[in-house]
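Read-outs: derived from the displayed coordinates by stated rules, not from any lab. Here the structure is a predicted model, which means the values were calculated and not measured. In this analysis, Cβ positions are derived from the backbone assuming ideal geometry, glycine residues included, and neighbour counts consider all displayed protein chains.
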Amino acid sequence: MSVLITGGAGYIGSHTVRYLQEAGRETVVYDNLSTGHREAVSGCPLIVGDIFDKELLIETMHKYNVQAVIHFAAFSLVGESMTSPGKYYHNNIAGTLSLLEAMRSAGVDKIVFSSTAATFGEPEYTPIDEKHPTVPTNVYGRTKLFMESMMRDYDHAYGIKSIALRYFNACGAHKSGEIGEDHHPESHLIPIIMQSVLGSRGPVTVFGDDYDTKDGTCIRDYIHVTDLAQAHVLALDRLLAGCASDVFNLGNGNGFSVLEIINAVQQVTGRSVRYSIGDRRDGDPAVLIAGSQKAREVLGWKPEYADINVILEDAWRWHSSHKNGFSV
Ligand code: UDP
């Protein structure tokens, strides 16, 4: 019996594969390597295939006796989703449809998948719990919200059980420093600051300092990628135990402003961060903080690396030893 991880060569996917392996579970990674990295996968088969190749998916599920799927294979850049919506609707929605149909054919009826805080849109209140209205403000968030609806319909019609995990800001890296964040182009705050400190890019631009927050910069809930991985495994086990489909928010419940993150990186690295204040980035809500009580109570999720300094130390270990990501 094994777990199939689509997008398992990507950032959160590869950390979840590691977490599963460390727990002694059989894993198979399925990834087209369009944004993932071959080097991020070790200790299990890597099937280089496309989410639209239903036959290969079915063959893989049979060959490896797959009992459940964890689905990460999706595009996730908010800005790009606005300028190339078709790419996102095609890959994220039609790709998930292909996967669900393959699961149906192969008789696999459990799936844990990445959703996002972007399904909520502009917060009406914080912390944002699972009952918060979902009015996404970008195409990426809309595709993920639609994926959640697809999962509900496939449960209703065919009994495929699913758990959607809505992440806030994933960050950090595996303790070993062997795998970490490597996006091209990079758009996330923490890797951008670290790359700037390492001299592989120029000064950081802070996207706006006129928000209604304590220092005027945006506040986010930063959650360690290994803690996200832990939640995927708990969700998987919940489905394997026969529980119903569900949705959970994942964050630490603490907000840090962009300037606070810059200061914390200076503390952790002992180096100064060069930055300037720029315009606001389109579609950025001022504050996003997760209410993750449900995940703690129902899944038994206990984030181990909630301390922002630990998150940044782990990120720094990865970035400082992999200046060019996996292509060092
Ligand atoms: N941010 C920034 N400069 C950058 C990248 C990000 O000021 O070069 C800000 C961004 O506006 C947001 C926060 O950092 O408030 C986190 O952004 P990121 O892209 O990492 O994650 P998001 O919150 O968009 O999921």
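When both the range 280-310 and the range 124-192 are represented by their alpha-carbon centers, they are found 12 Å apart. Counting only DSSP beta bridges with both residues in the range 124-270, the antiparallel share comes to about 20 percent. The convex hull built on the alpha-carbon positions of the range 154-300 has an orientation-averaged projected area of 11.2 nm².
Work out the FRET efficiency for Thr83 and Ser327 from their Cβ-Cβ distance, taking R0 = 30 Å, and round it to the nearest 0.05.
0.70
Under 23 Å of direct C-alpha separation, and excluding same-chain neighbours fewer than eight residues apart, Lys294 reaches these lysines: Lys110, Lys131, Lys144, Lys161, Lys302.
Where the centre of each part is set by its Cα atoms, how far does the range 229-260 sit from the range 36-65, in angstrom? Using only Cα atoms, the two centres lie 24 Å from each other.
Dipole magnitude for the range 170-287: computed about the Cα centre from +1 point charges on Lys and Arg Cβ and -1 point charges on Asp and Glu Cβ, it is near 300 debye.
Can you put Asp246, Asp282 in order of Cβ neighbours within 10 angstrom, beginning with the fewest?
Values: Asp246 18, Asp282 11.
By the 10 Å Cβ count, ascending, the order reads Asp282, Asp246.
For the chain, build the convex hull from the C-alpha positions and give me its volume per residue in Å³.
On the way: hull volume 39.2 nm³, N = 328.
For the chain, the hull spanned by Cα atoms encloses 120 Å³ per residue.
By its C-alpha gyration tensor, with a ≥ b ≥ c as the square roots of the eigenvalues, how is the range 116-232 shaped: rounded for a/c under 1.5, else prolate for a/b larger than b/c, else oblate? Here the range 116-232 falls in the oblate category. Compared with the alpha-carbon gap, the fully stretched path from Glu304 to Ser320 is longer by 3.5 nm at 0.36 nm per residue.
For the range 1-136, the share of alpha carbon pairs falling in successive 10 Å distance bins from zero is 12, 40, 32, 15, 1 percent.
Per-residue ellipticity at 222 nm computed for the chain from its helices equals -11000 deg cm²/dmol, with DSSP H segments shorter than 4 residues left out and the rest contributing -39,500 (n - 2.57). Backbone phi angles across the range 267-283, fed through the Karplus curve with coefficients 6.51, -1.76 and 1.60 (θ = phi - 60°), yield HN-Hα couplings of 5, 5, 8, x, 10, 8, 9, 8, 8, 9, 8, x, 6, 4, 8, 3, x Hz in residue order; Gly and Pro are listed as x.
Taking the number of Cβ atoms within 10 Å of each Cβ as an exposure proxy, the fewest-first ranking of Phe168, Phe256 is Phe256, Phe168.
Got the relative contact order for the range 1-102 handy, in percent, Cα pairs under 8 Å and 6 or more residues apart?
Working: 162 pairs, mean separation 32.7, N = 102.
Reported relative contact order: 32 percent.
Fewest neighbouring Cβ atoms within 10 Å first, the residues Tyr11, Tyr154, Tyr275 line up as Tyr275, Tyr154, Tyr11. For the chain, relative contact order (Cα pairs under 8 Å, six or more residues apart, normalised by length) works out to 19 percent.
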